[in-house]
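The values are calculated or read from the model by the stated rules, or taken from the named source; none is laboratory data. This structure is a prediction, so every number in the text was calculated from the model and none was measured. With ideal geometry, Cβ positions are generated from the backbone for all residues, glycine too; neighbour counts draw on all protein chains shown.
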Amino acid sequence: MSSIQPAQPASGLLRHAFLTIAAALLLNGAATSSGAAFAPKALALGAPQAAPAASQDQAPDTATGTQLPAPEPLGPPTWTPGIPEQLFDVVKVVDGDTIHISRNGKTDKLRFLSVDTEEKITGNSYSSRTKPQTVFGQECTVWAKEFFAALAVDDAPPRVGLLFPDGEEALDIYGRLLCHVILPDGRDFNLLLVEEGRSPYFNKYGNSRLCHRAFVAAQQRARAAGLGIWNPATNQAATPGAPSVRRPYGELLPWWQARATAIDTFRERHLADPERVIDAQDGDAICRAASLLSGNDSRKTREVEVFCQIDRIFEEDNGDRTVLFRATDKNVALRARIPASLRQAHEVLDLEGRRDEFRQNYIYLTGTVEPGFRGAEIASRSPDQWRPAGPEPGPAWTVFPVKSEDE
């Protein structure tokens, strides 16, 4: 049920534009890499600094660990969006954080932002330590079905409103619409899940741009009250001595926070310099950067700094290494090309390790975006072109508060 950081979907025509530009450059003998390296000495990606074990509403650190000025609070400490102007029929409840609605004559699959309920028990083989199928996940699914069914009036289906950060609609990599679900009485269903302990505040893909402070406060109250996932009895095996299947929130929360810190810092840097600091998942921005290589644009040698998350790493037949970054539209995914002769120098970056759980997964790559036959690419001629986008996760949290003997 994981989501991805919201990104602007790129047009399917963009890949055709890449191929056209690349072919023209190759015919002219101009399809060569810039070889430009990142000027300041960057931290080695293999050993970035750890994030402090602070709360989820602290000011973000920069990639080098120095403290930024405290940003403006992200949203109010309490959050009631109000009665929705338009309601849509709920046609299916999949689980605690995914439903389908009917809108504009078609079915939209919704993925609720900033929440991540536990996986329901399906009987299939998909399960992992960080996203196990749990009894509470199954209970939450049953509860959600009953909750939305209770919204129905007479014989009509239940209806809900939608709210999007900054008013912009975006899809995740599974084609689901990322949103807040607003109930007919004006309450935010996403926030309700956290208030009742049915979900943690899921900021793995960035702090909420609507109501970060309200999510933090709701989670603190739910933990203090021992609700849902914060109750030691939840998912406890009924048979003494039998193993209990629990999600490791003590490790997950610091990891998500480190990622959120990187995303918040990127958002601030992108606002300050939107043409130079761009997101690898923003297909339009990647295409604009690549198109500067064509024609007589005076900015054609301009470097950009790209905020990235590694998807996969490929070994090429000629010994080169290709790093594929995550993208909403895989047709315009950005790649980094490491020449075979420079692979040894890049080993210090530990790029494979950047994909691991409980690591800082976000990085910056600086260079000139070039059009290639498989999409946009940046030639990496020095490890100095890479740097971590945020701190490493801090120590694991204590999930269940330790009670004193007097309690």
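Scanning the range 344-399 for residues that are of a type in the set (Lys, Arg), under 18 Å from the mean Cα position of the chain (by Cα) and crowded, with 20+ Cβ neighbours inside 10 Å yields one hit, Arg354.
Residues that are surrounded by fewer than 14 Cβ atoms within 10 Å (Cβ to Cβ) and closer than 30 Å to Gln220 by Cβ do occur in the range 271-281.
Checking each residue in the range 372-398 for being of a type in the set (S, T, N, Q) and under 15 Å from Val306 (Cβ atoms) picks out Ser380, Gln385. Identify, please: which residue in the range 187-209 is touching a strand residue (DSSP E or B) at 6+ places or on another chain (Cβ under 7 Å) and not small (Gly, Ala, Ser) and is, among those, surrounded by the fewest Cβ atoms within 10 Å (Cβ to Cβ)? Filtering the range 187-209 for residues that are touching a strand residue (DSSP E or B) at 6+ places or on another chain (Cβ under 7 Å) and not small (Gly, Ala, Ser), the one surrounded by the fewest Cβ atoms within 10 Å (Cβ to Cβ) comes out as Phe189. Please specify each residue of the range 358-378 satisfying the condition of being out of contact with any helix residue (DSSP H, G or I) (no Cβ under 7 Å at 6 or more places or on another chain) and either more than 19 Å from Arg288 (Cβ to Cβ) or in a strand (DSSP E or B) (or both). Scanning the range 358-378 gives Tyr364, Glu377, Ile378. When the range 172-195 is filtered for residues that are within 15 Å of Leu162 (Cα to Cα) and small (Gly, Ala, Ser), only Gly186 remains.
For the range 303-350, the candidate set comprises residues that are hydroxyl-bearing (Ser, Thr, Tyr) and touching a strand residue (DSSP E or B) at 6+ places or on another chain (Cβ under 9 Å); within that set, the residue that is farthest from Pro274 (Cα to Cα) is Thr322. Is it the case that the range 249-272 has a residue that's out of contact with any helix residue (DSSP H, G or I) (no Cβ under 8 Å at 6 or more places or on another chain) and part of a loop (DSSP other than H, G, I, E, B)? Within the range 249-272, not a single residue is out of contact with any helix residue (DSSP H, G or I) (no Cβ under 8 Å at 6 or more places or on another chain) and part of a loop (DSSP other than H, G, I, E, B). Collect the residues in the range 300-321 that are closer than 24 Å to Ala285 by Cβ and either exposed (fewer than 11 other Cβ atoms within 10 Å of the Cβ) or not β-branched (Val, Ile, Thr) (or both), keeping them in residue-number order. Correct list: Lys300, Arg302, Glu303, Glu305, Phe307, Cys308, Gln309, Asp311, Arg312, Phe314. Among the residues that make up the range 175-186, is at least one of them of a type in the set (Gly, Ala, Ser) and buried (at least 21 other Cβ atoms within 10 Å of the Cβ)? Scanning the range 175-186, I find no residue that is of a type in the set (Gly, Ala, Ser) and buried (at least 21 other Cβ atoms within 10 Å of the Cβ), so the answer is no.
For beta carbons closer than 7 Å, sequence separation of 6+ or different chains, a first residue in the range 234-245 that is more than 22 Å from Pro200 (Cβ to Cβ) and assigned by the TED database to the domain that holds Glu139 and a second that is surrounded by 10 or more Cβ atoms within 10 Å (Cβ to Cβ) and of a type in the set (D, E, K, R), there are no qualifying pairs.
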